[in-house]
Structure formats: C-alpha cells, structure tokens
Amino acid sequence: MTVINVASQFTRTPGGRYKTDGRFSGEEFREKILEPAYRSGAQEIVVNFDGVLGLSASFLEEAFGGLVRRHRPEKPLLLKKIKLTATRPYLLPYITLTQQYMRDA
Amino acid sequence: MLGGRGDSCGIVDGMRKLSSKQRERQIRRLARARRRQAAKNARLAGTPQVILVDRWGELRRRIKETTPPKEAPLRVPIGGGRFRRTLLFYAPNAMNLERDYSSTMGFIYQLRRQAFELGNFSNFSRVNVIADLSTCASIDLPAALLTAAEFDRVRRVKNIRPQIYSDRWCDDVRDRMTELGLPDLVAATNKPRIPSHKLPDIEFVRFRSANEIDPVEAAALQSEIAAKAGIDDPATLSSLEPLIEAVSNAHQHAYPDDEGDCQLPFQRRWWAAGEFNRASNRLRFAVYDQGVGIPKTLPKKGYWGRFQSLLSDRNLELTDADLIAGALDVGRSATDLPGRGLGLDRIRKIAEQMPNGRLQIWSGGGLVRYAGKGSQQPADWQRVNLSAPFSGTLIEWQFDLAPSDSQ
C-alpha cells in the first residue's frame with residue numbers, strides 16, 4: 001500500500017489544471033506523485049487530503065480524471081486501487097467530487 | 001486625482017509657421033470645438049463629459065490648492081506660450097456597479113478612451129490625464145476593484161507611474177481606496193498627504209494581482225480574508241476553491257490568443273480584493289479579469305449543442321446574461337476538452353452553501369445574480385442585460401458569517 005499525503009508530499013495549496021497555469025497544478029501532481037505511485041505496482045494507493053487549504057475542480061479533474069484517461073483500459077482497476085481519505089469535514093465533498101471525476105473520465 | 005505627465009505636444013498648422021500667440025489661439029479654438037463636440041457626444045451617449053482644459057490659470061490654481069508647492073509636479077503651463085494638454089474627467093457621485101452602472105462604466109470608459117483609444121492622445125506620456133475622484137461620494141467594492149485594475153492596466157501598458165492627490169476626495173472614498181491599497185497597486189510616485197482612517201466596522205483585504213494561477217497567493221488572500229473576519233482556521237472558510245476557480249477561469253479562458261478584435265490591450269492578469277463588515281457580519285470578495293468575457297469564450301462546437309438545447313428547453317433567447325447563466329448551469333466553458341469548465345459550477349457553490357449567499361457576475365453585455373437557498377431572494381439566476389458592455393469579467397461573492405465563525 002502506498003500512502004500519499006497531498007499536504008506534506010506536494011503542497012498545502014494545490015493550484016490549477018496545467019503546469020503552464022502556475023505552480024502546484026493537477027498535471028504536476030499527477031506526473032510527479034500519482035503516476036509513479038501507480039507504476040510502482042502498489043496494491044492500493046491511499047491519497048490523503050488532510051492539511052490542504054482547499055482544492056479546485058480543475059486540479060482534481062486533471063490529476064485524477066487525467067490519470068484515468070491516460071490509463072483508460074485499466075479504469076476499473078484504477079477506480080478500485082485509488083482510495084481517497086480525509087478527516088476534516090470541509091474536505092469530504094472533495095472526495096465525492098474526485099470520485100465523480102474519475103468515473104466520468 | 002490621478003494623472004500621468006510627460007512632454008508637451010507640438011501643434012502644426014499645415015506648412016505655415018505660427019507665432020506662439022497664434023498657436024495658442026488656435027489651440028484654444030480647437031479645444032473649444034472639441035469641448036463642444038464632446039459635450040454633444042456626451043449628451044447623445046449619456047456618458048460623462050470629457051473636458052479639455054484650456055483655462056490654464058484656473059487649473060493651475062486648482063492644482064495649487066490641492067498640492068503643496070514642493071509636491072506640485074503637475075505644472076500644466078510650461079512657459080513661452082507653450083503648455084501641456086490636460087484631460088480632466090470626473091467620477092460620478094456614486095461609483096456602484098449595481099445601483100449606477102451606466103455612470104460608473106462611463107467613468108471607466110473615459111479612462112480607457114483617454115489611455116488607449118483616442119488617436120490624438122494615444123501617446124499617454126505626452127498629455128496629462130486627470131481622473132478626478134473628488135466628485136465621487138461613495139464607491140463600493142466591485143467598482144473600487146474595477147477602477148484600480150484600470151489604473152493598473154494603464155500604468156503597466158503605458159509604463160508610467162501615476163501620482164495620486166487624494167486631498168479633496170471624500171473621506172469615505174479616500175479611506176476605502178487607501179485601505180484597499182490603491183497607491184501600492186499602481187505604484188504611485190507620491191504618498192497620500194492625508195493619512196487614511198480606518199472605516200469603523202469594515203476590514204479591507206487589499207488589492208492583489210497576478211498573471212498566473214498562483215495558489216499560494218490565493219491561499220494568502222484566503223488567510224487574509226479569514227484573519228480580517230476573525231476566523232481561526234482559514235480552510236473552514238471554503239473561499240479558496242471559488243477563488244482558485246475564478247482565477248483559473250481568468251487565466252485559462254479570459255485571454256484567448258486568437259481574439260483579434262479586442263481594442264484594449266490584454267494584460268493577462270487578474271485582480272482581487274475583499275472586505276468584511278463587522279456590523280452586518282457580512283463578507284464580500286471579488287475577482288476581476290480584463291479578458292473577452294464569458295459569453296465570447298463559450299464553445300462553438302461540442303458542448304455548444306447541449307448548451308443550446310438546455311437554453312431552448314427553457315425558452316430563452318440568447319442574450320449575454322443567458323449565456324453566462326447557461327454556462328454556469330451546464331458547467332462548461334471555452335474548450336471542448338474533457339472535464340473543462342467544471343470550475344464555473346463550483347464558483348456558485350459557496351453562494352449556495354453559505355448563509356445568505358449571493359453571487360454576481362458581470363461579463364460581456366450581461367449581469368447574472370444568484371442568491372443561495374438561505375437567502376431572502378429566490379435561489380435562481382436573475383439575468384440583467386447591461387446598458388453598456390462590461391469588458392472583462394467580475395465575479396463577486398457575498399455571504400454572512402455565523403457569529404461563532406467570526407469570533
């Protein structure tokens with residue numbers, strides 16, 4: 001199992017969609033953190049959002065939806081493999097949102 | 001009063017060389033004609049009048065009254081019968097996009113015209129342009145943000161640092177603009193002579209601007225909003241998401257590369273500011289960009305069909321206000337790439353979730369208002385077709401904080 005803590009391993013302030021948009025984009029997170037974790041062959045990838053100050057739809061869609069798009073044949077496996085967690089109540093809607101983006105991708 | 005300065009303009013009358021007195025008479029004649037024409041145009045268009053000042057003594061006295069001798073850089077007469085052209089235009093009594101849209105935008109139009117459009121005065125460094133705010137008695141947050149962003153654009157495009165003489169401004173306007181950080185935003189060359197006083201019950205979140213989606217800047221803005229509102233944990237405010245979404249929309253969609261018909265120079269920036277009213281426990285913040293506007297950036301294919309069918313289902317005609325409301329309903333914007341435009345939908349979430357939430361979007365030729373479910377107004381879009389186009393997009397959120405939040 002691989003655990004990714006977005007706040008400590010990436011940033012407390014995730015940004016926009018693409019790297020060209022500015023710092024801490026969803027594309028950057030996908031390439032630097034998510035893709036290597038997926039390629040490492042871990043049975044389960046747990047992404048923890050605790051500690052971030054807020055998340056944008058663009059960031060989540062590009063990071064997680066983008067990952068599914070890049071590995072479309074393995075979509076069912078990806079949906080099963082990636083677990084999203086957060087303990088702070090204000091972050092819980094983002095988990096639902098991210099799951100929806102992964103399903104819709 | 002805010003103006004730029006530079007060298008004088010020469011006047012040429014065909015091949016004939018004129019004496020200084022003749023030249024002065026001719027300039028005054030031209031100025032009178034132009035003033036008459038401007039007054040006529042203003043009457044026809046219902047916009048504030050542009051005054052080409054040729055009563056130099058009067059203007060000099062006025063400038064002397066408002067500035068101390070050591071800090072009097074605006075010396076309009078330059079001697080030897082030569083003088084510098086000065087354009088003076090006034091702010092309306094109430095700068096408020098909601099209550100007096102046409103007058104407020106008239107002032108902004110004048111500034112844009114003087115700075116970027118008028119052929120004779122296109123060289124901004126060669127004329128004095130005085131935007132006189134002393135006639136303005138009140139200014140609200142969206143109008144203040146819009147005005148400050150216009151001044152910022154002028155100084156960036158024309159590469160000038162303006163001077164601000166706020167001595168004769170109304171206290172409320174001076175305090176508000178100074179507390180919001182106008183002198184710092186436009187890199188004014190002088191400091192206000194009269195220090196600003198904190199307005200009772202109002203905490204201001206100073207103007208911020210950047211040309212990229214900078215989440216650290218957005219988080220700092222959220223932290224400042226939370227600090228002003230007395231909230232311990234800024235994350236609970238949930239304002240970062242709509243802020244980043246608005247900034248993302250400004251960055252990704254507002255300034256398309258292929259938009260060739262825009263007359264005004266793009267700066268590809270966004271501006272933001274906020275205020276918290278302790279008395280009403282109400283928070284408001286706004287993000288503004290000077291791009292082409294949401295209606296122009298809607299997709300021309302792909303989701304466009306779905307979008308149109310949604311609008312036709314409601315028997316709507318496609319005004320700009322409908323397009324903005326429709327874009328937020330459909331949740332799609334400029335590009336047809338998967339997942340794009342999701343942010344527009346998220347922008348209204350905070351207005352839905354927070355007590356007495358309200359969202360207003362001015363863009364293109366339309367204004368849409370959305371009142372959340374907790375609000376006294378119905379939770380639906382109110383569409384307004386603007387009397388004059390609003391170049392760019394301004395998004396403003398307002399909501400009440402629970403008493404426990406702001407302790």
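The values are calculated or read from the model by the stated rules, or taken from the named source; none is laboratory data. Everything quoted here is computed from the prediction, not taken from an experiment. Cβ atoms come from the backbone with ideal geometry, glycine included; neighbour counts cover every protein chain shown.
Test B:A149 against the stated conditions and say whether it is closer than 23 Å to B:G291 by Cβ, small (G, A, S) and either within 14 Å of chain A (Cβ to nearest Cβ) or crowded, with 21+ Cβ neighbours inside 10 Å (or both). Break it down into steps so the answer makes sense when it comes.
Numbers: closer than 23 Å to B:G291 by Cβ: yes; small (G, A, S): yes; either within 14 Å of chain A (Cβ to nearest Cβ) or crowded, with 21+ Cβ neighbours inside 10 Å (or both): yes.
Here the answer is yes, as B:A149 does meet what is asked.
Sort out which residues of the range B:152-200 are of a type in the set (D, E) and either out of contact with any helix residue (DSSP H, G or I) (no Cβ under 6 Å at 6 or more places or on another chain) or closer than 21 Å to B:W270 by Cβ (or both), and write them in order of number.
Hits for the range B:152-200 are B:D152, B:D171, B:D172, B:D175, B:E179, B:D184.
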Go through the residues of the range B:159-179 one by one and say whether even a single one is away from chain A (no Cβ under 14 Å), surrounded by fewer than 21 Cβ atoms within 10 Å (Cβ to Cβ) and among the small types (G, A, S). no
For the list (1) within 9 Å of another protein chain (Cβ to nearest Cβ); (2) touching a residue at least 24 places away in the same chain (Cβ under 8 Å); (3) closer than 23 Å to B:I350 by Cα, I need the number of the one condition that A:R69 fails. (3)
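Could you please give the count of residues in the range A:19-56 that are part of a loop (DSSP other than H, G, I, E, B) and more than 8 Å from every other protein chain (Cβ to nearest Cβ)? Spell out how you get there, then give the answer.
If we filter the range A:19-56 for residues that are part of a loop (DSSP other than H, G, I, E, B), which is where we start, we get A:22-25, A:40-44, A:49-56.
Now restrict to residues that are more than 8 Å from every other protein chain (Cβ to nearest Cβ): A:40-44, A:49-51.
Here the count works out to 8.
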Listed residues A:R88, A:R30, A:R72; which is within 27 Å of B:A250 (Cα to Cα) and among the charged types (D, E, K, R)? A:R30
How many residues are assigned to a strand (DSSP E or B) and among the hydroxyl-bearing types (S, T, Y) if we restrict to the range A:1-18? 1
Only one of B:G305, B:G326 is away from every other protein chain (no Cβ under 14 Å), at pLDDT 70 or above, over 23 Å from B:D100 (Cα atoms) and part of a helix (DSSP H, G or I). Can you tell me which? B:G326
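Would you confirm, using the coordinates I've provided, whether A:T11 is crowded, with 16+ Cβ neighbours inside 10 Å, within 11 Å of another protein chain (Cβ to nearest Cβ) and β-branched (V, I, T)?
On the way: crowded, with 16+ Cβ neighbours inside 10 Å: yes; within 11 Å of another protein chain (Cβ to nearest Cβ): yes; β-branched (V, I, T): yes.
Yes; evaluated as a whole, the condition is true for this residue.
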Residue check, B:V216 within 15 Å of B:W270 (Cα to Cα) and free of Cβ contacts under 8 Å to residues at least 24 places away in the same chain: yes
Looking at the range A:38-54, which of its residues are over 11 Å from the mean Cα position of the chain (by Cα) and either free of Cβ contacts under 8 Å to residues at least 24 places away in the same chain or surrounded by fewer than 20 Cβ atoms within 10 Å (Cβ to Cβ) (or both)? A:R39, A:S40, A:G41, A:A42, A:Q43, A:E44, A:D50, A:G51
Residue satisfying all of: in the range A:60-102; assigned to a helix (DSSP H, G or I) and of a type in the set (V, I, T); farthest from A:E27 (Cα to Cα) among these: A:T96
Does the range A:90-97 include one or more residues that are within 8 Å of another protein chain (Cβ to nearest Cβ), surrounded by fewer than 19 Cβ atoms within 10 Å (Cβ to Cβ) and free of Cβ contacts under 8 Å to residues at least 12 places away in the same chain? yes
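Condition check ((1) at pLDDT below 90; (2) aliphatic (A, V, I, L, M)) across all residues:
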| site | (1), (2) |
| --- | --- |
| A:G16 | yes, no |
| A:F24 | yes, no |
| A:F29 | no, no |
| A:K32 | no, no |
| A:P36 | no, no |
| A:I45 | no, yes |
| A:N48 | no, no |
| A:G51 | yes, no |
| A:S56 | yes, no |
State the number of residues belonging to the range B:131-172 that are among the aliphatic types (A, V, I, L, M), assigned to a helix (DSSP H, G or I) and at pLDDT below 90. 2
Quickly run through the range B:63-118 and pick out the residues that are in a helix (DSSP H, G or I), at pLDDT below 75 and not charged (D, E, K, R). B:I63, B:T66, B:P69, B:Q114, B:A115, B:F116
